[in-house]
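Below is one structure, written out as structure tokens; comments come after it.
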Amino acid sequence: MPHKRPFIFLNMATSLDGKINTHEDKIVLLGSPHDRKMMHKIRSQAQAVLVGANTVKIGSPPAKISHKKKSLISVVLSKNLDFSPKLPYFQNSSRETLWIFTTPAAPISKLRFWDKKARIFIINAPVPSPLKVTQALYQAGIRRLLIEGGGEVAFSFLKENRIEPLDWYL
């Protein structure tokens, strides 16, 4: 019997040489204004948007939908919770809209801190695997999940054949 999981889709913009950011990990806007309009349309179809810890660390803000009052759940994967709560990603988030998946490698002090600010899921593995993350999200009621970054997260979901449609903008 197949595992129940959300419908998972991936949205990424890359440069022509396949890069999703600079080698200094600076945020750059890739794609055209039309591509960004399509990104908001794709986001409007999701209940949650998933990113990895590196995307959070480079200062990326959480996904929002233009001209909508709908709140997306921000899902972050981090094996050890090694990021600052002062990062832009965590501004204006709440325990209801910020869900963090981590591992037993996360220090107990960080688990206690983040548990006050986010819904915490501990995945018993070296890293939060796509299979276990999507199973937990499905059990929590998420039926439509958008993967937005970064490269390691996208690759791990593609490698495990978890992505249904792939929207890739150059």
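The values are calculated or read from the model by the stated rules, or taken from the named source; none is laboratory data. Note that the structure is predicted; figures quoted are calculated from it, not measured. Positions of Cβ are backbone-derived with ideal geometry, glycine not excepted, and every protein chain shown enters the neighbour counts. We work out accessible area using only protein heavy atoms, side chains counted, and drop any ligands, DNA or RNA first. Shrake-Rupley method; radii C 1.70, N 1.55, O 1.52, S 1.80 Å.
What are the radius of gyration and Dmax of the stretch 73-170, computed over its Cα atoms and given in Å?
Looking at the stretch 73-170, its Cα Rg and Dmax stand at 13.6, 42 Å.
Go through 4/37; 79/117; 79/116; 37/57 and tell me which ones have a Cα-Cα distance over 22 Å in this structure. Let's see the in-between values first.
On the way: 4/37 31 Å; 79/117 17 Å; 79/116 18 Å; 37/57 25 Å.
From the list (4/37; 79/117; 79/116; 37/57), the Cα-Cα distance tops 22 Å for 4/37; 37/57.
Measuring with a 1.4 Å probe in the full set of protein chains, what accessible area per residue, in whole Å², belongs to the stretch 76-135?
Here the residues of the stretch 76-135 average 53 Å² of exposed surface.
Starting with the highest mean, order 149-157, 86-94, 100-108 by the number of other Cβ atoms within 10 Å, averaged over the residues of each peptide.
The packing order, highest mean first, is 149-157, 100-108, 86-94.
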